[in-house]
Structure formats: C-alpha cells, structure tokens
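Everything on this sheet refers to the single structure shown next.
The values are calculated or read from the model by the stated rules, or taken from the named source; none is laboratory data. Note that this is a predicted model, so its numbers are computed, not measured. Using ideal geometry, Cβ is built from the backbone for each residue, glycine included, and neighbour counts are taken over all protein chains shown. Each accessible area value is taken on the protein alone, full model and side chains, heavy atoms only, with ligands, DNA and RNA left out. Shrake-Rupley method; radii C 1.70, N 1.55, O 1.52, S 1.80 Å.
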Amino acid sequence: MRLYRRTALIVWLAIVAASAWWTARHVAFTADLTAFLPASSGRLERLLVEQLREGVASRTMLVAIEGGAPPELAGLSRELARGLAADRRFDYVTNGAAEFTQGARALGLRHRYLLSPQVSPERFSEPSLARALRENLERLSTLEGTAFKTMIARDPTGELRSLAEAAGQSAPASRHGVWFSGDGRRALLLVQTRASGMDAVRQQEAADVVAVAFRLTGAGPEYRALVSGPGVFAALTREAIEHDTRWLTGLAGALVLLILVLVYRSPGPVALSALPVLTGLLVGVAAVGALFGTVHGITLAFGATVIGEAVDYPSYVFTQRKPGEAIIDILARVWPTLRLAVLTTVFGSLALLLSSLQGLAQLGVLSMAGVLAAGLVTRWVLPALAPGRGAPPPRALPFNLVRAGLAMRRAAWVVWTLLALALAFIAVRHDRIWDDDLGHLSPLPASGRDLHERLSADLRAPTMGYLLIATAASREAALEKSERLAPVLQSWIGGGVLEGFDMAARYLPSAKTQERRRATLPDAQDLHRSLARALRGMPYRADAFAPFERDVEAARLGPLLTMEDLRGTGLDLKVQSLLAAGNGEWHALIPLRGVRDPERLRSLAGRLPADASASFLDLKAESDRLIGGYRSQALALAGLGAVAIALLLWFGLRSLRKALRVMLPVYAAIAMTVACLALLGIGLSLFHLVSLLLVLGIGLNYALFFNQAEPGTDIEQGTSLALSVCFLTTFAAFGCLATSRIPILSAIGLTVSIGCALSLLNAMILGQVRGRVRGAS
C-alpha cells in the first residue's frame, strides 16, 4: 500500500473516531422549534418570548371533558380534578369548584380591604354605610342576595362581592358548581405542571397522567378528555420530529441502497458508496454540536439531504468505470468536474451558514461540513480502500439521458416559453408569493390548533397578541406604574378602543397602594359610632355587624399582602405570569382583550404621561416584521452565494461563456420551481429559500457533468448512468422528506424534488455537451 493511501486511511479513521467521540460525549439533541423562529430584536420581545417558553404560561394545560350531559360532565370534572391534585407532577389544579377555589376566596375575604379599589374614607362614613345597609336589605329579597346572605354580617360594604364580580368577568361560565364552556358541552379544568413547558419528556408524562386519571374516573367510552397547551404542543412536536427523523432517514437510506444494489450488482461499490455518506453525516453532526452545543432534530433529519447529495459523489466515480479500470484512474478523469460539483454545493450553503437564525445556521454547517467531508472521502479514501480492478462494471440502463437531451434540443423553445411564463407569473404575484405565518411551521394539525383556540376562549385565558408592558427598576415600581395605567385603560374601554385588560396589581397591589387603602380604614371607635348611627331605623340587630367591625380592625392593624400569602391559591401563578424580571428591570405585562384598532392603540400608548408610560406590543406585527427582515437577509446571502458560485465556475471552467451555460439551466429551474409552488398554493417561507439553495448546488452538478459528456464515446454512457443514478438517489431522499408531517422538512423535500427534476430536464435540453455525436446518421 502506497504511503498516501495509508496516510489517507489514518487521517480518515482519526476524523471519524474524533467525530464519533465528540458526538457521543458532548452533543445533545433537542426538538425545540424556537431555534427555527426569528430571534426577537427588542428586549421586551425577547422577554416575552422567554416567558412564553419558560414562564407560567408554558406550564399551563387546558383540559376539557365532553360527550355527555352537564351533570355527568360536572361529576367527572370533580373526580378528574381530585385525581390530578393528588399528583406531585402538578403544582395547581382547578375546575372552578369551591374545593379548589376556597384558598383564593379565604385570601380575598381576609385581605379584601387591601385588594378592593373601592376602599376610601367615604366608604365607612355614616351616609355611605346607611346606603350600603339599605341596598343589602333590597338585595336579600333577590336570588343574587341569597348567595351573599351569609357574608353580609362580615362584609356589608360589599368589598368581597365587588372583587368576585370583577374576577367573574374574566372567569369561564359555571354550571353545577364547575367551569363549563358557554354552550354547556364541555366541562373545563386548568392545570399547571411542575415541569417547564419546554421539557417535552416531562410534559408528555403529565399528559399521560391526565389520560390515566381520566380513565380512573370510570368514564364510559362516550366521554372524551381533551388536553391542549404549550407543553402538549412541545410533546407532540418532539414525537413528530423523532418519528420523522427515524422513519424518513431510514426509508431514504433503504431506497438509496436499493438503487445502488440494482445498478452496481456488487456489494463492494455499494458498501463504498456508504462511506462518504456516513462520514459526511457524522462529521456534519459533530461540527454542529461543536459550534452550537446542541443539534436540533430537524437538523438531524436534514441528514437525509446529505444522503441524497453525498451519495452522488461515489456514483459519479463508479458509474464511469470501464472494464478493468481502477478507481484512481477514474478519479483522474472526473475529479476536476467532481471537485467543482462539491465546491458549488459548499458555496451554496454559505447563505445558510451566515444566517442569524440558529436553526438555519445549523443546516448550513451540517450541509457544508457533510458535503465537503463526503467529497474528500470520495477523492482520497475510496482509492485507498478499493485500488483493484476486479469489480464488474455497473448495469447499463435502457435509456440514455445524453442522447435524449440532444433529441429534445428541438423543443428548447418550450423551455424558453415556460421560463418566460414563470418569470411573468412571479412578477405579477411577487407580493403574494411569501408566507410569513409562523403558525405554518408547527407540525400540529389544524384540528389541534383549533382545539387550543376553542379551549382558550372557553376558559377566557388571556392572549398575548396585544400587550402593554410597564417597565421599572423594581417589582414594586412596576406594580405602581401599572396601577397608574388602570384608570387610563378604563377610559379606553369606555371609548371602545378595547374590551378589557388584566394586570398583576389586581391580585397583588403595590405596597404603596395597600398602605393608602389601609390608612383609610377607621379605628374601632369611629367605625362603631358611624355604624350605630347608620343602623337607626333599620331592622338589623345592634350587634349584627360585629364581625365586620373586627375584620376592619384586623385589616387596619394587620400586615400587607405579600407574594407569600398568595402561595397555593392559584393567584400566585396568575401574578407570576404577569410579572417578569430581566436585565435588572421588572416588567408588568398587561394583556389587552378585544383590541379593535391596534394602530390607534399604539398612538394612544405613545402619548401616555411619563409616570404611566408603557410600551405597546403587537406580536403578530412584530413577527411579520422579523420574518420580513430575515427574508431580506436570506435573499441577500443567497445572492452572495450565487455570486461566489459564479466566480468559482468561471475560475474552474476558465470561461465565462461556459460558466453561464452551466448556470442557465439551473437558474431557469429555480424560477420554474417557484412558479410551480405558487400554482400549488404554497407560499414561500425561509425554508423554501433554503431548499432553492440546495437545488442550486445539486442542479449545478447535473449541468457540470452534462457539460463534460462526449456523445458517441464511453464517457457518454458513463455520464448518462451517473446522472440517472444521482437523480434517482437524490429524488428518493428528498421525496421522503416531502412526506414529512413537519412543515420545515416537507418544504425542503417538496421544493428540492421539483427543483432537481426541472434542473435535470433543463440541463438535458439547454446544456452544452462536448464534441459531436459520432456515428449519428
């Protein structure tokens, strides 16, 4: 064995061993789709995204039971809630029943004078007390008053009632003592998991616990438990990515293997063809892990593209073999063209590598490192492992792509016509070919998204579509600032700008507000005198309101309400979801409900006084802006990659005219592919741009080898067989991706499948072949 062969094998084995060791010891895999979402540019947007990923909202599960009459559904709701409340995987469970809300009710009763915005000195004056007592007499004769009859002695001024009414405005409908949907078809529960919403494994465990607990209620087969929420989405996404990664990669590998076995008729070339693929995949994953720390499941599934691309390189070698010819001799003929093919794909991945999106950058690293490693293995390792001449030549195919291309040259006008139509169609629809909806990246079916929207509406869960964010140096200052905003927001509601809002200060007023309310409470003697005078002429006992007097005195002398007091009531989770800290600041999040005119609201928010200033955030508009920015960046980087490829081809072919003849069929195919996708009603996303870059790299390979074909020679047969095998293996790999449930992988697979087919066809019709047809009549 020559020295260079031994050296090539040693270096290859060392790289493979190092990549395998690094991957096994240091690389972690993730299914978090946010790696493929735009990184928010502003601090407030980043804060909100972090809250949605790791905060209380991410741990919320929405549960519904349907399939029967309301009384039976209510009973199942109570049984399920009790079963889940006993499980340590859940921090909080409620269905609106008294047994799950008594903590919040007790806290509200104990601290009502610190929580109620109605508390003022006039509230406890003789005229005000007399008016409240008369209203209570009238209310006792009504159904509404019956519900508060037991509380009148402790709360004649109605503080607890006003708090309950305010809370009821944002609470779900109630039937038989538990929460229900408005139409009475579903009993509702709200569950907070202990695990983070992004911990897909533990979220799946929690969802399984809900399913088991529901079965243990003894519900019949006609009843169903429906579960939704960010954690459920994370679990379903992880399952879809893992399933498609295993299944599609395995299927693509099997199809590629079948094609190679049928063509080569010998296990040697088939086994050798796998080495560049496996080496490229291993080196690519290790490179991604080394640069990013984690490898996304989608990036791993993207390895199927390495299978489809990298297997081409040994195919370009083995299919050119003449009887008795050694691998090193074949490489001497085809390596200059093959080298250009490898480098054009590497340069085409440059746009991905430089992307600000971590997910796209991972795809770029995997593609560049994998393809480059596969090319080098083809050039240096295959000759070292298979230096002999004994392998049989590959099977001849019943068709010849080079000859077919020459025959179709007469129909080149059809291609030019289709290209003109495609360009005209793109020009007319240029403002409608893009898809900026981030929801289309989710592997969840539309039914799952619809269920979440329906349950969120039933539970009246606050949405984060429109927000005001009050920022201050401390939590207390943020609470105070949001309290100053409350009257302004009430005026906006009166003006029809929005329907409602929520804020943490409703459940945990600032210390300053609590102190002010506490200071307005009269001392025991003053309250007793005012109450005695107010009772004159009324049919109440003189000591009927002694509990009221004791509660006021206890509140006047007692401590302020703190976050610790809220623990275990469910209100602590509410406050945590509406308060956030970051970068030395505190932010009060104020979700807005029923926003009718976002632009007017933005204008009003911009004119708020300095002591009540807040930032208005429209998440849909922000996401559209970010997507547009990343698309512009991707287009600019794609242009940079195209220029780099053009310079590479010009240098490699030593002719600008030849370089243009190689590029023309591929760019025409890209334009036709975009038009095809638009005709299919598919909007272009960032990931379709990724796919078009892959089409560029693969299509240039076809054009380069057509450019080297010599009709009437052995090279013609070898080129035809090489292009046939390479197209079939690429189409098999990307065709598998096109069937994925994950929109990102499906977009890549469908686009590359269409693009590669059109690239091959255009290269056959528009490409240039060397020499003339020998022996043609």
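Could you tell me how many of the residues in the range 316-375 are open to solvent by 20 Å² or more (accessible area, probe 1.4 Å) and either part of a helix (DSSP H, G or I) or among the β-branched types (Val, Ile, Thr) (or both)?
15
Hey, any hits in the range 732-740 for a residue that's over 21 Å from residue 686 (Cα atoms), open to solvent by less than 30 Å² (accessible area, probe 1.4 Å), at pLDDT below 80 and in contact with a helix residue (DSSP H, G or I) (Cβ under 7 Å, 6 or more places away or on another chain)?
Checking the range 732-740: not a single residue is over 21 Å from residue 686 (Cα atoms), open to solvent by less than 30 Å² (accessible area, probe 1.4 Å), at pLDDT below 80 and in contact with a helix residue (DSSP H, G or I) (Cβ under 7 Å, 6 or more places away or on another chain).
When you look at residue 575, is it among the β-branched types (Val, Ile, Thr), at pLDDT 85 or above, farther than 23 Å from residue 767 by Cβ and in a helix (DSSP H, G or I), yes or no?
yes
Tally time: how many residues in the range 376-388 are open to solvent by 10 Å² or more (accessible area, probe 1.4 Å), assigned to a helix (DSSP H, G or I) and in contact with a helix residue (DSSP H, G or I) (Cβ under 7 Å, 6 or more places away or on another chain)?
3
I'd like to verify a number: residues in the range 261-298 that are part of a strand (DSSP E or B) and in contact with a helix residue (DSSP H, G or I) (Cβ under 6 Å, 6 or more places away or on another chain), how many?
Looking only at that region, the number is 2.
Within the range 85-125, how many residues turn out to be in a loop (DSSP other than H, G, I, E, B), hydroxyl-bearing (Ser, Thr, Tyr) and open to solvent by less than 10 Å² (accessible area, probe 1.4 Å)?
Within the range 85-125, residues that are in a loop (DSSP other than H, G, I, E, B), hydroxyl-bearing (Ser, Thr, Tyr) and open to solvent by less than 10 Å² (accessible area, probe 1.4 Å) number 1.
Scan 730, 739 and give me the residue that is touching a Cys at 6+ places or on another chain (Cβ under 6 Å) and under 30 Å from residue 236 (Cα atoms).
730
Among the listed residues 470, 532, identify the single one that is small (Gly, Ala, Ser) and either open to solvent by less than 40 Å² (accessible area, probe 1.4 Å) or assigned to a loop (DSSP other than H, G, I, E, B) (or both).
470 is the lone residue from the list that is small (Gly, Ala, Ser) and either open to solvent by less than 40 Å² (accessible area, probe 1.4 Å) or assigned to a loop (DSSP other than H, G, I, E, B) (or both).
Could you list all residues from the range 68-111 that are among the polar types (S, T, N, Q) and either under 31 Å from the mean Cα position of the chain (by Cα) or more than 14 Å from residue 568 (Cβ to Cβ) (or both)?
77, 94, 95
Quick check on the range 224-241: of everything there that is closer than 17 Å to residue 62 by Cα and hydrophobic (A, V, I, L, M, F, W, C), which residue is farthest from the chain's Cα centre (by Cα)?
The extreme case among them is 225.
Here's a check for you: in the range 713-754, which residue that is among the charged types (D, E, K, R) and not in a loop (DSSP other than H, G, I, E, B) is nearest to residue 445 (Cα to Cα)?
Looking at residues that are among the charged types (D, E, K, R) and not in a loop (DSSP other than H, G, I, E, B), I get 716.
Do you know which of the residues in the range 174-184 that are surrounded by 15 or more Cβ atoms within 10 Å (Cβ to Cβ) and touching a strand residue (DSSP E or B) at 6+ places or on another chain (Cβ under 7 Å) is farthest from residue 226 (Cα to Cα)?
Across the range 174-184, the extreme among qualifying residues is 174.
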